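Undergrad: Pasting a structure below so you can have a look.
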């Protein structure tokens, strides 16, 4: 896809410099010093030769074909260079130059013109404001980084040039191998999705790493990531997740959503593995780059120290991995050569005096059990252990198998050399057991993603048609929310069961409504200005008599007038008292990059305090709805505890799918909550007690 960036037969450095320390000099030096076999043309109007290469005053004066242009001229000259690229039929450029949209309004205008001119010239480009690109297999270092990583299977792209330098600085001493290293800069033309697609097709890349601060088109990102992650693991470190902007959210869903929730949902739905730190990014990368993905969750731990073994076991317990006991046949085999006081189950503690032979034989025995999908080997450098010999023993056994083996040789000075030896032979080593477990768990979760069945999408006929009138009327009146009666009609259109309800404008009407519905009842204030009724005392429950109704009507209306004197009070809503059930919340909120998010969580007034919620991006598949419910800490309550019956979880899933379709049917929904949604016992459905909808223009 991007052959001229990574397989160029010739490279021109426009802005090459004779002065060491200048970017144009360092880039040319890096291209020539690391073994690039193609032709290199320095472009400098004031030099005849730079670093032993004949220099040319302009691209047009080079008497040879050029595949790739590296542009390091001042920003005001970049447009002219792009025009020259078009004239010379150079279709690939890396624009190192800064001073574009990152520098302010004038730079932003210049970048817009750059995109326009490049499109007219037929030039695709990386940048501007970037570090450059590296391809270790093509021996290209067209960057101003201080070093060249060793060849390997990790393809890395980053929006931040500084992070590229930090990652490279970490990789060089540890000899972590990369295939490609791409600094994206401002992403004015080629974006993360373009690079992911290119790396997916690159035979030298086994795992794709990325650092992103934002994506221009969230839907396209998800579409591409879903395709790429089926071929290769995609691991992303995302920054800038602490806010969703300056808007004041009016719903629970809006208050709980944000960039964090949106990106987390997008990654889950597209198979992206999320790293939360640079260290985690490296940890996951070396595991995927060097070891096969486990085919199941069953892991074994071999250790010469009880403490680290327990730490690893604890980490497994918090992950998707399972520590199963070995089959009796292999336990007996372990007993035949391990000391009697060893632990023969899982973790397998072979004691502090274990030598390399004991490690090797134990590892061989454990791997005979075909139910074990992966093994983690821990070593604490005791006085008697030969660390180097143990590393070689692990290498001999692990390299003969197709199951992942990860190690944690703990310490620093005494294990440093052996850690590098292990990695050279394809076995990742981690400083601490928790890092090792987290990396193996990421690999297993990727296996699960790769083997998920195709998503099933469920649609509900005629719902949109039945609700269109409500939204059209609200838009016609230029309102930003639906009133209570409209909310009732929309929920009914999408098949949500609701309590029997009647509107009352006077206390007499309220009494009559209560008698018509049947005591006991609930009373709620109706006002287009009031979203959260309970927050201002606008709800009364368990009203059993005429006197209760009259008193509640007076109390509610008086209180609301005192607190919100400008609010228009339509009246009150009288509803039947619904039998008790489990309260959940579900909602819709709009994200500028990904579209509508669907939220699910524990309901009631404490949802924003407990924040026990999960998000997915609409439209939801049946699998998405299934996973959302099970992600919450409240899920065991829905399953039933201490003899309580199981809630109707299938009805919750059905409701999430209907809400997802509503969000897709009506893009002008800005925020919405159904809270609480009462979930009755299994087989008895759900009831939407209260809801609110904020809307905007189409």
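Undergrad: Go through (1) within 25 Å of residue 198 (Cα to Cα); (2) part of a helix (DSSP H, G or I) and name the single condition residue 12 misses.
TA: Going through the list (1) within 25 Å of residue 198 (Cα to Cα); (2) part of a helix (DSSP H, G or I), residue 12 breaks only (2).
Undergrad: For the structure I just gave you, tell me whether residue 146 is under 19 Å from residue 161 (Cβ atoms) and within 34 Å of the chain's Cα centre (by Cα). Show your work before the answer.
TA: Values: under 19 Å from residue 161 (Cβ atoms): yes; within 34 Å of the chain's Cα centre (by Cα): yes.
Here the answer is yes, as residue 146 does meet what is asked.
Undergrad: Quick one: how many residues across the stretch 531-549 are closer than 18 Å to residue 518 by Cα and out of contact with any strand residue (DSSP E or B) (no Cβ under 9 Å at 6 or more places or on another chain)?
TA: Residues flagged as closer than 18 Å to residue 518 by Cα and out of contact with any strand residue (DSSP E or B) (no Cβ under 9 Å at 6 or more places or on another chain) within the stretch 531-549 amount to 3.
Undergrad: Which numbered condition trips up residue 494, out of (1) surrounded by 14 or more Cβ atoms within 10 Å (Cβ to Cβ); (2) out of contact with any strand residue (DSSP E or B) (no Cβ under 8 Å at 6 or more places or on another chain); (3) modelled with pLDDT under 90?
TA: The one condition residue 494 does not meet is (3).
Undergrad: Could you please find all residues in the stretch 75-102 being in contact with a helix residue (DSSP H, G or I) (Cβ under 8 Å, 6 or more places away or on another chain), closer than 19 Å to residue 183 by Cβ and either free of Cβ contacts under 8 Å to residues at least 24 places away in the same chain or loosely packed, with under 14 Cβ neighbours inside 10 Å (or both)?
TA: none
Undergrad: Can I ask one more? In the stretch 505-555, which residue that is at positive phi and in contact with a helix residue (DSSP H, G or I) (Cβ under 9 Å, 6 or more places away or on another chain) is surrounded by the fewest Cβ atoms within 10 Å (Cβ to Cβ)? Break it down stepwise before answering.
TA: Filtering the stretch 505-555 down to residues at positive phi leaves 518, 537, 542.
Next, from what is left, pick out any that are in contact with a helix residue (DSSP H, G or I) (Cβ under 9 Å, 6 or more places away or on another chain): 537, 542.
Numbers: 537: 15, 542: 10.
Out of the qualifying residues, it is 542.
Undergrad: While we're on this one: Have a look at 161, 155 and point out the one that is surrounded by fewer than 23 Cβ atoms within 10 Å (Cβ to Cβ) and either within 27 Å of the chain's Cα centre (by Cα) or over 20 Å from residue 192 (Cβ atoms) (or both). Walk me through it before giving the result.
TA: Values: 155 fails: surrounded by fewer than 23 Cβ atoms within 10 Å (Cβ to Cβ).
Only one candidate qualifies: 161.
Undergrad: Consider the stretch 164-208. How many of its residues are surrounded by fewer than 21 Cβ atoms within 10 Å (Cβ to Cβ), without any contact (Cβ under 8 Å) to a residue 40 or more places away in the chain and in a helix (DSSP H, G or I)?
TA: 6
A quick yes/no check of all residues on (1) assigned to a helix (DSSP H, G or I); (2) closer than 18 Å to residue 433 by Cβ; (3) in the same structural domain as residue 321 (by TED's automatic domain parsing):
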site	(1), (2), (3)
354	no, yes, yes
363	yes, yes, yes
372	no, yes, yes
375	no, yes, yes
383	no, no, yes
391	yes, yes, yes
402	no, no, yes
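Undergrad: Which members of the stretch 556-571 meet the condition of being surrounded by fewer than 14 Cβ atoms within 10 Å (Cβ to Cβ), part of a helix (DSSP H, G or I) and in contact (Cβ under 8 Å) with a residue 12 or more places away in the chain?
TA: Answer for the stretch 556-571, where residues must be surrounded by fewer than 14 Cβ atoms within 10 Å (Cβ to Cβ), part of a helix (DSSP H, G or I) and in contact (Cβ under 8 Å) with a residue 12 or more places away in the chain: just 563.
Undergrad: Restricting attention to the stretch 463-504, which residues are assigned to a loop (DSSP other than H, G, I, E, B) and free of Cβ contacts under 8 Å to residues at least 12 places away in the same chain?
TA: Our first condition is that a residue be assigned to a loop (DSSP other than H, G, I, E, B); within the stretch 463-504, this holds for 477-480, 482-483, 494-500.
Answer for the stretch 463-504, where residues must be assigned to a loop (DSSP other than H, G, I, E, B) and free of Cβ contacts under 8 Å to residues at least 12 places away in the same chain: 477, 478.
Undergrad: I would also like to ask the following. Looking only at residues in the stretch 630-649 that are in a loop (DSSP other than H, G, I, E, B) and surrounded by fewer than 17 Cβ atoms within 10 Å (Cβ to Cβ), which one is modelled with the highest pLDDT? It would help to see each step written out before you state the result.
TA: Within the stretch 630-649, the subset in a loop (DSSP other than H, G, I, E, B) is 632-634, 640-646, 648.
Next, from what is left, pick out any that are surrounded by fewer than 17 Cβ atoms within 10 Å (Cβ to Cβ): 633, 640-646.
Numbers: 633: 89, 640: 86, 641: 82, 642: 78, 643: 78, 644: 85, 645: 90, 646: 93.
If we take residues in the stretch 630-649 being in a loop (DSSP other than H, G, I, E, B) and surrounded by fewer than 17 Cβ atoms within 10 Å (Cβ to Cβ), then 646 is modelled with the highest pLDDT.
Undergrad: Looking at residue 437, is it surrounded by fewer than 20 Cβ atoms within 10 Å (Cβ to Cβ), at pLDDT 95 or above and either under 32 Å from the mean Cα position of the chain (by Cα) or outside any helix (DSSP H, G or I) (or both)?
TA: Values: surrounded by fewer than 20 Cβ atoms within 10 Å (Cβ to Cβ): no; at pLDDT 95 or above: yes; either under 32 Å from the mean Cα position of the chain (by Cα) or outside any helix (DSSP H, G or I) (or both): yes.
Judged against the criteria, residue 437 is not a match.
Undergrad: Please specify each residue of the stretch 129-139 satisfying the condition of being buried (at least 21 other Cβ atoms within 10 Å of the Cβ) and touching a helix residue (DSSP H, G or I) at 6+ places or on another chain (Cβ under 7 Å).
TA: 129, 130, 131, 132, 133, 135
Undergrad: Out of curiosity, is residue 29 outside any loop (DSSP other than H, G, I, E, B), assigned by TED's automatic domain parsing to the domain that holds residue 129, surrounded by fewer than 19 Cβ atoms within 10 Å (Cβ to Cβ) and at pLDDT below 95? Break it down into steps so the answer makes sense when it comes.
TA: Details: outside any loop (DSSP other than H, G, I, E, B): yes; assigned by TED's automatic domain parsing to the domain that holds residue 129: yes; surrounded by fewer than 19 Cβ atoms within 10 Å (Cβ to Cβ): yes; at pLDDT below 95: no.
Against the criterion (outside any loop (DSSP other than H, G, I, E, B), assigned by TED's automatic domain parsing to the domain that holds residue 129, surrounded by fewer than 19 Cβ atoms within 10 Å (Cβ to Cβ) and at pLDDT below 95), residue 29 does not qualify.
Residue by residue, here is whether (1) more than 28 Å from residue 182 (Cα to Cα); (2) crowded, with 20+ Cβ neighbours inside 10 Å; (3) at pLDDT 95 or above; (4) in contact with a strand residue (DSSP E or B) (Cβ under 7 Å, 6 or more places away or on another chain) holds:
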| position | (1), (2), (3), (4) |
| --- | --- |
| 210 | no, yes, yes, yes |
| 220 | no, no, yes, no |
| 226 | no, no, yes, no |
| 231 | no, no, yes, no |
| 243 | no, no, no, no |
| 248 | yes, no, no, no |
| 251 | yes, yes, no, yes |
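Undergrad: Please count how many residues of the stretch 572-599 are within 25 Å of the chain's Cα centre (by Cα) and either outside any strand (DSSP E or B) or loosely packed, with under 14 Cβ neighbours inside 10 Å (or both).
TA: 3
Undergrad: Can you find even one residue in the stretch 62-75 that is at pLDDT 95 or above, closer than 17 Å to residue 5 by Cβ and either out of contact with any strand residue (DSSP E or B) (no Cβ under 9 Å at 6 or more places or on another chain) or in a helix (DSSP H, G or I) (or both)?
TA: no
The values are calculated or read from the model by the stated rules, or taken from the named source; none is laboratory data. What you are looking at is a predicted structure, and each value in this text was computed from that prediction instead of being measured. Note that we place each Cβ from the backbone using ideal geometry, even for glycine, and neighbour counts take in every protein chain shown.
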